[in-house]
Amino acid sequence: LTYLVTPFVGRGQSVLIPLRFGIGGSWAGALEGDVNISVRAPFEVALLFRRAPMEIYGEVALVFQIVREGDGGDLLDADGGVGIRIYF
């Protein structure tokens, strides 16, 4: 779960380029019996196409674990990813 704000939007001829940051939470390990709960601070850059209801984005997030059971890994970590959003 993540809450994102968009303080800046770059404007191109065929795309918008929103820069977003926010705060959120994540959990992992429920299937193995160990639960790890984290707070995330993501930064995101996207390409929002003007002529199609689609967005491609990349995200990097700083992750701080607040609940660590078992071998929860590092207390402070980073993660990231890419994705596609389709707007209806």
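So here's what we get for this one:
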item: Extension gain, I86 back to D34 (0.36 nm per residue minus Cα-Cα distance, nm); result: 15.3 nm
item: Inverse of mean 1/r across different Cα pairs in the chain, Kirkwood, Å; result: 14.5 Å
item: Per residue accessible area in Å² of the chain, where ligands, DNA and RNA are left out and the probe is 1.4 Å; result: 71 Å²
item: By accessible area with a 1.4 Å probe, ligands and nucleic acids excluded, highest first: order of V39, V15; result: V39, V15
item: Accessible area (Å², 1.4 Å probe, nearest 10) - I56; result: 70 Å²
item: Linear extension gain, I56 paired with D79, 0.36 nm per residue minus alpha-carbon span; result: 6.5 nm
item: Area accessible to solvent at R50, 1.4 Å probe radius, in Å²; result: 120 Å²
item: Most fluctuating residue given options G25, G58, G12, as computed from a GNM of the chain linking Cα atoms under 10 Å; result: G12
item: Choice from F49, F21, F64 with maximal GNM fluctuation in the chain (Cα, 10 Å cutoff); result: F49
item: The chain, accessible surface, carbon-and-sulfur percent (1.4 angstrom probe); result: 65 percent
item: Gaussian network model of the chain, springs between alpha carbon atoms under 10 Å - residue of V60, V45, V35 with greatest fluctuation; result: V35
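The values are calculated or read from the model by the stated rules, or taken from the named source; none is laboratory data. Values in this document were obtained by computation on a predicted structure and should not be read as measured data. Side chains included, ligands, DNA and RNA excluded: accessible areas come from the protein's heavy atoms. Shrake-Rupley method; radii C 1.70, N 1.55, O 1.52, S 1.80 Å.
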